[in-house]
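Remarks on the structure that follows.
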Amino acid sequence: MIDLEKGMYLSSARPILNKRALFHDSTEDYIIPFEPSKYEIIKIRFRTAKNNVDDVFIYIDGERFLMEYEETIGSYDYYMYECQLEDRLITYYFEITCGTVSYFYNVLGVEKHANVDFSYKLRPGYKTPDWAKGAVMYQIYVDRFCNGDPTNDVQTGEYQYIGDKTIHVDDWNRYPQSMDVRDFYGGDLQGVLDKLDYLKDLGIDAIYFNPLFVSPSNHKYDIQDYDYIDPHIGKIVDDKGDLLPDDQHENRFASKYINRVTNKANLEASNELFAHVVDEAHKRGIKVIIDGVFNHCGSFNKWLDKERIYEHSEGYEKGAYVSNDSPYKNYFSFHEDYPDKWPYNNSYDGWWGHDTLPKLNYEGSQELYNYILGIAKKWVSPPYNVDGWRLDVAADLGHSPEFNHKFWKDFRRVVKEANPEAIIIAEHYGDPWFWLQGDEWDTIMNYDAFMEPITWFLTGMQKHSDDFRADLLGNAEYFKSQMQNAKTKIMAPAKLVSMNELSNHDHSRFLTRTNHVVGRVGDKGSEAANNGVNKAVLREAVIMQMTWMGAPTIYYGDEAGVCGFTDPDNRRTYPWGNEDQELIQFHKDIIRIHKENKELSKGSCKFLWTDYNVIAYGRFTIEDQCIIIVNNNDQEKEIDLNVVGIGIDRDASARQLIFSLDDSYSTSNHIYPIIAGKLKIFMPKTSAVVLKVLKDEKKNEQ
């Protein structure tokens, strides 16, 4: 009798809990509707293996609720709970019971004990532009991209900047010098216009421009006039005046420069050209994002006028440096605010002490505050119609956190009222949580949860090439922990549009990091940035970039094989006529794959396996799944991978979309079987593969 009872119990008992099948994240398959409004009723979903659990509970703000069984799709059951939202953040996690066993599920995955610190978070009303979710962006540093109009080039000796006169670089292929800020190669908006078809063919969805406004430097993070595009990258229709005399170092005598940048005919023509560039980009389905430098301006700025460029120019008020009676005096904070310190009061507050970067004093001037909000609105409105702002050092603006948050709330309001689909992306290092609540920034440049972890894992290099860490090279667990920890600091609407870069204007080129050379151009020389680089590692990185959650962003020239140490060597010119055509074709292929498979732009993401120098993860929706495997070792690996966690039936097959090898890559349609939930694959050294799970007509039968 005892044996009979035992047999009956065993026959009715559930199988061991399949922890790999448990899943939730905040993407559109699991929060319905995705990006809900305030006070809306939503459905929160959770996935388990079919007939594998007794109950699923959800804890919302600490209160426990039983979830209802909703449906079975393939080998998986889905549970749901309807929730009435209010106008506040909610936090939640899950409890799964199977017999006498309970497990909890949060941002980190399955855990034996509840850990509220890693709860999911949802903010009603937090919406980011749909076009930007997974959008492929392309960053252009205009002076180094393409010279389409030589007549607007900055000329040698045109004006003085930071201790010496400007230089026009006649050799487009010359490497940047250590002191590069006043060297100009002539890249301009006409050059961008000429290359729009190249960008369209590459597969670009959006251009992110480094600053375009009037500025004396080639980087233009020292704005001179927020109202106008710099004629040196725009259009000069009235070009008179002389270069700064050889024996003169005061820019008030630089008559050619003064006319170029203060003459309204040149300024208006440049704005018109920019509007035309945006319009032509839009015709090709390409959005445009511009750089907003609002924490500080430049010493050349018309409101300060330290260079006395505007002092005698028609139509301009006296600058705050020039006159105590300037209408702009309160735009800046003067340490010696006494009438006898004028004219030419040099005691203004500079950002990090730099007198070329005067900090804007928003707290001291409502006029300045309103003016910059007007600028925010102006450029996202007709006739310019740009599609968003990237915000430079956004967390530094103002003199207190409280003021900073107030400003960005107002900034968002005016931008979204003018153009609801405009995106707001902030440059930010560290925890961005307090700005990403749906009422300030949309998202961030993703240093902490993309550029840095992927660089350490694949190259062992610090992002400036300032250090090599052998303990982080190939450290998949460190990579995984960095990525997972970041999930608690950024909600899904921000995550899907985060700017995921491998390189940019502030850090060494990723291809250079693959050579493990620690240093900068000043001590190593330019050629050292080219020596010993590994394009196979770059291809691995690009495959990860194009298959990770967020908006993959290419720094101009990376796709053509450009190398370079950190600033200024990373600002080399695009090598027109000397491109790495195979690398460009690789980018075209992986961008196409990214865009053809929705799961790679809006789907969930889950780690499947980590080992030394090996990472495997899935990007998936309920309908479609991709498997990504990277072997960064210098020897081959045979991998036996359990792929159940991304919603695949136990028996299936997967088609190769792209396979990057040590010396080449392939897009051939090789088929791999998945048997009992396992994928076996041979990964050569320094390789990466993207596999697409093939649809099965029986998959969706219930």
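The values are calculated or read from the model by the stated rules, or taken from the named source; none is laboratory data. Keep in mind that what you see is a predicted model, and the values were worked out from it rather than measured. Because the Cβ atoms are built from the backbone with ideal geometry, glycine has one as well, and the counts that use them run over all protein chains shown. The accessibility values were calculated without ligands, DNA or RNA, using every heavy atom of the protein model including side chains. Shrake-Rupley method; radii C 1.70, N 1.55, O 1.52, S 1.80 Å.
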| Percentage relative contact order, the chain, counting C-alpha pairs under 8 Å, at least six apart | 11 percent
| What angle do you read, to the nearest 10 degrees and between 0 and 90, between the alpha-carbon axis of helix 2-12 and the longest principal axis of the chain? | 40 degrees
| message | Taking 8 Å as the Cα distance limit and 6 or more residues as the minimum spacing, I'd like the relative contact order of the range 224-370 as a percentage. | response | 18 percent
| Counting only DSSP beta bridges with both residues in the chain, what percent are antiparallel, rounded to the nearest 5? | 75 percent
| Solvent-accessible surface (1.4 angstrom probe) belonging to ARG88, in square angstrom, nearest 10 | 100 Å²
| said: Under the rule of at least 5 residues apart or a separate chain, name every residue whose amide H is placed under 5 Å from the amide H of LYS235. | reply: SER270
| If one computes the Cα centroid of the range 598-641 and of the range 502-525, what distance in Å separates the two points? | 28 Å
| request: State the antiparallel share, in %, of DSSP beta bridges confined to the range 342-475, rounding to the nearest 5. | output: 25 percent
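Would you mind working out the accessible area per residue for the range 498-638, using a 1.4 Å probe, and quoting it in Å²? Let's see the in-between values first.
Numbers: 3830 Å² over 141 residues.
Normalised by residue count, the accessible surface of the range 498-638 is 27 Å².
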| request: Return the long-range amide H neighbours of HIS464 (sequence gap of 5 or more, or a different chain), with a cut-off of under 5 Å between placed amide H atoms. | output: SER508
| For the range 89-130: relative contact order, % (alpha-carbon pairs under 8 angstrom, 6 or more apart) | 38 percent
| field | 3J(HN,Hα) from dihedral phi, the range 144-155, Karplus parametrisation 6.51/-1.76/1.60, rounded to Hz, x for glycine, proline | value | 10, 8, 6, 8, x, 9, x, 6, 9, 4, 4, 9
| Nearest 20 debye, what's the magnitude of the dipole of the chain about its Cα centre given +1 on Lys and Arg Cβ and -1 on Asp and Glu Cβ? | 1700 debye
| task | Hand me the GluC sites (Glu not before Pro) from the range 335-397 located in a DSSP loop with no more than 13 other Cβ atoms within 10 Å, in residue order please. | result | GLU336
| Once phi is turned into θ = phi - 60°, what whole-Hz ³J(HN,Hα) does the Karplus curve with 6.51, -1.76 and 1.60 give for every residue of the range 164-180, x standing for Gly and Pro? | 7, 8, 5, 10, 8, 7, 7, 8, 4, 8, 5, 5, x, 7, 4, 9, 10
| query | If you roll a 1.4 Å probe over the heavy atoms of the protein chains, what accessible area per residue do you get for the range 341-390, in Å²? | reply | 41 Å²
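Are there trypsin sites (Lys or Arg not before Pro) in the range 254-331 that DSSP puts in a loop and that have at most 14 other Cβ atoms within 10 Å, and which ones? Write out the running numbers ahead of the final one.
Values: sites: LYS256, ARG260, LYS264, LYS283, ARG284, LYS287, LYS302, LYS306, ARG308, LYS318, LYS329; in loops: ARG284, LYS302, LYS306, ARG308, LYS318.
For trypsin sites (Lys or Arg not before Pro) across the range 254-331 that sit outside H, G, I, E and B with at most 14 neighbouring Cβ atoms in 10 Å, the list reads ARG284.
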| said: Using the Karplus curve 6.51 cos²θ - 1.76 cosθ + 1.60 with θ = phi - 60°, what ³J(HN,Hα) values do you get for each residue of the range 672-685, in whole Hz, with x for Gly and Pro? | reply: 10, x, 10, 10, 6, x, 10, 10, 9, 8, 9, 10, x, 5
| remark: From the Cα centre of the range 658-677 to that of the range 410-441, the distance in Å is 40 Å
| query | Which angle from 0 to 90°, rounded to the nearest 10, does the C-alpha axis of helix 366-380 make with the longest principal axis of the chain? | reply | 70 degrees
| task | Using the heavy atoms of the protein chains and a 1.4 angstrom probe, tell me the accessible area per residue for the range 25-123 in square angstrom. | result | 44 Å²
| field | Distance between the range 196-257 and the range 537-577 - C-alpha centres, whole angstrom | value | 24 Å
| message | Students often forget the sequence filter, so: which lysines lie under 23 Å Cα-Cα from LYS359 once same-chain residues fewer than 8 apart are removed? | response | LYS220, LYS302, LYS306, LYS318, LYS329, LYS341, LYS377, LYS378, LYS406, LYS409
| field | Nonlocal amide H pairs with GLN139, under 5 Å, H built at 1.01 Å | value | TYR208, ILE554, TYR555, TYR556
| request: Leaving ligands, DNA and RNA out of it, report the carbon-plus-sulfur percent of the accessible area of the chain at a 1.4 Å probe. | output: 48 percent
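I'd like the GluC sites (Glu not before Pro) in the range 77-159 restricted to DSSP loop residues with at most 14 other Cβ atoms within 10 Å, sorted by number.
Working: sites: GLU82, GLU86, GLU95, GLU111, GLU158; in loops: GLU86, GLU158.
The qualifying sites are GLU86.
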| said: Please state the shape class of the chain: rounded when a/c is under 1.5, otherwise prolate if a/b exceeds b/c and oblate if not, all from the C-alpha gyration tensor. | reply: prolate
